[in-house]
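Below is one structure, written out as structure tokens; the observations come after it.
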């Protein structure tokens, strides 16, 4: 190979590669398939943007910095302080559970886990999400949660406060795969957006869909309520990618695509 051509080849290939990707917990990472061809063999979420194909990978929540080496490019997750959230639940039976309630909550958690494992491969996911409800953000993703001053799991969802009965819509096309009345979540459902991208909706006063329904973006799925363990009417909105809870607020940010595909 000619020397100048060889130098060009080295520059071109190295400019396409990164030693590692650095990202905050709860975000998504877009990796070009051209720089990581082996990733095509994995059963993950692929997305085409500006005629370039990417693998979309979740950055799971972590309290400390860590490096994921499951892909051809290491992904470093930053250590980030999300702050804390303290709430008071007046019904202490929903904080210190009886044996019966504890067994119910466990069975429901297993049902949710099974649903998150049963996502569809024939639905083409969209990343053009819109907010599912018109309201005020009352608790953001990642905050360390304290309930009645007792430390609990981090808040890996987005809480949007709104008046009882406010309409909740599908933020993206999907299929309803679980509907129920759960101990913690109250009236609850899960939407399957395809290829491991799912979302869930808690504490609704009413649900207007049923399992098996295929929804378009903006279809009404229910109404804001205060069912389950809550301090007031709001929507508790979770988004999952590859069973990892990611930050829903990032999906509806104005600069989402610019940030993801930069």
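The values are calculated or read from the model by the stated rules, or taken from the named source; none is laboratory data. Keep in mind the model is a prediction, meaning the values are calculated, not measured. Note: ideal-geometry Cβ built from the backbone for every residue, glycine included; neighbour counts use all protein chains shown.
Given the conditions (1) part of a loop (DSSP other than H, G, I, E, B); (2) under 20 Å from the mean Cα position of the chain (by Cα), and given that residue 188 satisfies all but one, which numbered condition is not satisfied?
With respect to (1) part of a loop (DSSP other than H, G, I, E, B); (2) under 20 Å from the mean Cα position of the chain (by Cα), residue 188 is out only on (1).
Considering only region 143-186, state which residues are modelled with pLDDT under 95 and at positive phi.
If the condition is that a residue be modelled with pLDDT under 95 and at positive phi, then 148, 149 are the ones that fit.
Condition first: under 16 Å from the mean Cα position of the chain (by Cα) and assigned to a loop (DSSP other than H, G, I, E, B). Now tell me which residues in region 158-172 satisfy that.
Result: 170, 171, 172.
Would you point out the residue of region 216-225, among those that are touching a strand residue (DSSP E or B) at 6+ places or on another chain (Cβ under 6 Å) and surrounded by fewer than 17 Cβ atoms within 10 Å (Cβ to Cβ), that is farthest from residue 163 (Cα to Cα)?
Only one residue fits best here, namely 218.
For region 32-59, give me each residue that is surrounded by 19 or more Cβ atoms within 10 Å (Cβ to Cβ) and at pLDDT 90 or above.
Passing the criteria: 47, 54, 55, 56, 57, 58, 59.
Scan region 113-157 for residues that are surrounded by 13 or more Cβ atoms within 10 Å (Cβ to Cβ), without any contact (Cβ under 8 Å) to a residue 60 or more places away in the chain and assigned to a strand (DSSP E or B) and report the count.
Qualifying residue count, region 113-157: 1.
Only one of these conditions is not met by residue 76: (1) assigned by TED's automatic domain parsing to the domain that holds residue 39; (2) without any contact (Cβ under 8 Å) to a residue 40 or more places away in the chain. Which number is it?
The one condition residue 76 does not meet is (2).
So residue 101 passes all but one of these: (1) at pLDDT below 95; (2) at negative phi. Which condition number does it fail?
So residue 101 meets the others, but not (1).
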